[in-house]
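What follows is a set of notes on a single structure, which appears directly below.
The values are calculated or read from the model by the stated rules, or taken from the named source; none is laboratory data. None of these values were measured; they are calculated from a predicted model. Cβ sites come from the backbone with ideal geometry, for glycine too, and all protein chains shown count toward neighbours.
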Amino acid sequence: MNMNLKRPMLVLLLVVLLGAVLLPQTLFVINEWEQAIITQFGQFRRTVSEPGLKMKIPFLETIQRFDKRILASDAVPGEYLTKDKKRLLADHVTRWRIEDPLLYFKTVRDEFGALARLDDIVYSEMRRTLAENDFADVIATKREKLMETIAENARDLSKQFGINVMDVRIKRADLPSEVQASVFARMVAERERIAKRYRSEGDEEAAKIRGETDKNKTIILAEAYEQSQKTKGEGDREAAKIYAEAYGIDPEFYRFVKSLETYEQAMKEGASYLLSSDSELLKYFKSTSGQTQSA
């Protein structure tokens, strides 16, 4: 009885063990970001690109997985020579994806091999393209167009490895460190030269403005002086006319008024004066009897 029970249990245990060994070798899962090729004894059998649960012959077929997403190659900065013989240190990044998994597996095997081939291609294309263009074009005016040309050429060359190059971009472009100091010195000298030219032009313009202002000032002052002298002459003429008319009406009164003006201008308060009794200045200080009045 015990033997009869043990035998089915043994069979069940063997089935479970056999399933535990065979199932992982038979079933496999392809994720959304993956693609794979199935080989048998090193020979290609089929490509699996759709995600989901898949089957293969256990122990005989082998699965090789590859990334289906866009990958990036951040290469080490390289030194290049432009058309105008200037050295340029450029750091580029390449975006790529595996287009043909079988060709990719046959030629480069894995991502390390792919990056090595891809970097060689991009370095070569950048060296050739940059050598055909001037430094200023690479840095500014033609940079976008040059990158498109490099990416297109690299795309054609990388197809033989099952790789599709999506884009090539320069992250940073600098002068080599040993020539940066001299370039910066030339830039400073150039800016100083431009600043001196601007200051010189400013001083020249300021001198012109000051000269024009001084000329206008002289003209205005001369015209004002002329006008003032003219006005003063007209006033003096009018005063002389009035004085003459007054003198003609009463000469003695006119002389008396002029004498009073002379007294007012000549004599100061608190001052002492010594004059002779027959001084013309004291004429109007005398009484009708001819005696001088004390003042």
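Restricting the first residue to segment 104-118 and requiring it to be outside any loop (DSSP other than H, G, I, E, B), which pairs with a second residue that is among the acidic types (Asp, Glu) and surrounded by fewer than 16 Cβ atoms within 10 Å (Cβ to Cβ) meet a Cβ separation below 8 Å and a spacing of at least six or different chains?
Hits for this filter: GLU111/ASP67.
Within segment 114-132, is even one residue buried (at least 16 other Cβ atoms within 10 Å of the Cβ), touching a helix residue (DSSP H, G or I) at 6+ places or on another chain (Cβ under 9 Å), aromatic (Phe, Trp, Tyr) and within 30 Å of GLN35 (Cα to Cα)?
No, segment 114-132 contains no residue that is buried (at least 16 other Cβ atoms within 10 Å of the Cβ), touching a helix residue (DSSP H, G or I) at 6+ places or on another chain (Cβ under 9 Å), aromatic (Phe, Trp, Tyr) and within 30 Å of GLN35 (Cα to Cα).
Mind listing whichever residues of segment 82-127 are farther than 29 Å from ARG143 by Cα and either outside the structural domain of ASP156 (by TED's automatic domain parsing) or touching a Phe, Trp or Tyr at 6+ places or on another chain (Cβ under 8 Å) (or both)?
Within segment 82-127, PRO101, LEU102, LEU103, TYR104, PHE105, THR107, VAL108 qualify.
Could you check LYS68 against (1) touching a Pro at 6+ places or on another chain (Cβ under 8 Å); (2) modelled with pLDDT of 90 or more; (3) within 30 Å of ARG143 (Cα to Cα) and say which number it fails?
(1)
Name every residue in segment 44-67 that is surrounded by fewer than 11 Cβ atoms within 10 Å (Cβ to Cβ) and closer than 22 Å to LEU22 by Cβ, in order of residue number. Talk me through it step by step, then tell me what you get.
Taking segment 44-67 and keeping what is surrounded by fewer than 11 Cβ atoms within 10 Å (Cβ to Cβ), we get 50, 52-53, 55, 59.
Hits for segment 44-67 are GLY52, LEU53, MET55, PHE59.
Can you list the strands (runs of 3 or more DSSP E) found entirely within segment 39-103 that contain at least 2 residues being more than 23 Å from GLU152 (Cα to Cα) and touching a residue at least 40 places away in the same chain (Cβ under 8 Å)? Write out each step before concluding.
Working: elements: 43-48, 52-55, 61-67, 71-74, 78-81, 87-98.
Result: 43-48.
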